[in-house]
1. Would you confirm whether or not the stretch 15-36 contains a residue that is at pLDDT 85 or above and within 17 Å of V151 (Cβ to Cβ)?
2. Just to check your reading of the model, which residue among S104, S124 is farther than 25 Å from D84 by Cα and either modelled with pLDDT of 90 or more or in contact with a His (Cβ under 8 Å, 6 or more places away or on another chain) (or both)?
3. Looking only at the stretch 86-121, filter to residues that are in contact with a strand residue (DSSP E or B) (Cβ under 7 Å, 6 or more places away or on another chain) and not charged (D, E, K, R); which one of those is surrounded by the most Cβ atoms within 10 Å (Cβ to Cβ)?
4. When you check M73 against the structure, is it outside any helix (DSSP H, G or I), at pLDDT 80 or above, out of contact with any Pro (no Cβ under 7 Å at 6 or more places or on another chain) and under 30 Å from N168 (Cβ atoms), yes or no?
5. From the list G52, G7, G11, which residue is at pLDDT below 90, more than 25 Å from N129 (Cβ to Cβ), small (G, A, S) and open to solvent by 30 Å² or more (accessible area, probe 1.4 Å)?
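The values are calculated or read from the model by the stated rules, or taken from the named source; none is laboratory data. Everything quoted here is computed from the prediction, not taken from an experiment. Please note: Cβ atoms are built from the backbone with ideal geometry, for glycine as well, and neighbour counts cover all protein chains shown. Side chains are part of the model used for accessible areas, which takes the heavy atoms of the whole protein and leaves out ligands, DNA and RNA. Shrake-Rupley method; radii C 1.70, N 1.55, O 1.52, S 1.80 Å.
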Amino acid sequence: MAYPGYGAGPGGFPGMQQQDPLYGYFSAVAGQDGQITPDELQRCLTQSGISGSYQPFSMDTCRLMINMLDRDMSGTMGFPEFKDLWQALNGWKNTFASFDRDHSGMVEGHELQQAIGSLGYNLSPQAMNCIMKRYSVSGRIPFDEFVACCVRLRALTDQFRRRDTAQNGSALFQYDDFIQVTMSI
């Protein structure tokens, strides 16, 4: 079973970070601890212009992005995690732009379904209905909410994949485990 929507694994080599153009955005806000908090991520992404002409990312979306890649459960993001996020964000931005055919900064429900499908997710009409109820603003999804949706799909898929040991599309969750997974995303 394929689990799409993933960026590359941890990147970078010791000493090479300073040569990476992304390191400038990262280091400008990370401080001496070499970690980015959600508010620092919001500032960094806004300054970088990655959201283009779309609205800047909300604090909630920034928290979700950090949680998606927070391998050490610190609530912050190091440079390798930031690089993974940057790659994923660029992919999601390109996908969003290709389905925002009227360039309104929003996608309609059918465009969202096509966009999610293009990322490799095959969701039921009921699941798509839940997504529309959660992320739409007057029946349309802005870029920030599209990214939040993609982050949650990726993180939930990752958590499911870890438990789907036979890779047959079935996983066993204990109640407490289920709560931890859904509340952390």
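1. Within the stretch 15-36 (the criterion being at pLDDT 85 or above and within 17 Å of V151 (Cβ to Cβ)), the answer is yes, since at least one residue qualifies.
2. Details: S104 fails: either modelled with pLDDT of 90 or more or in contact with a His (Cβ under 8 Å, 6 or more places away or on another chain) (or both).
Within the list S104, S124, the selection yields S124.
3. Looking at residues that are in contact with a strand residue (DSSP E or B) (Cβ under 7 Å, 6 or more places away or on another chain) and not charged (D, E, K, R), I get V107.
4. When the stated conditions are applied, M73 passes them.
5. From the options G52, G7, G11, the qualifying one is G52.
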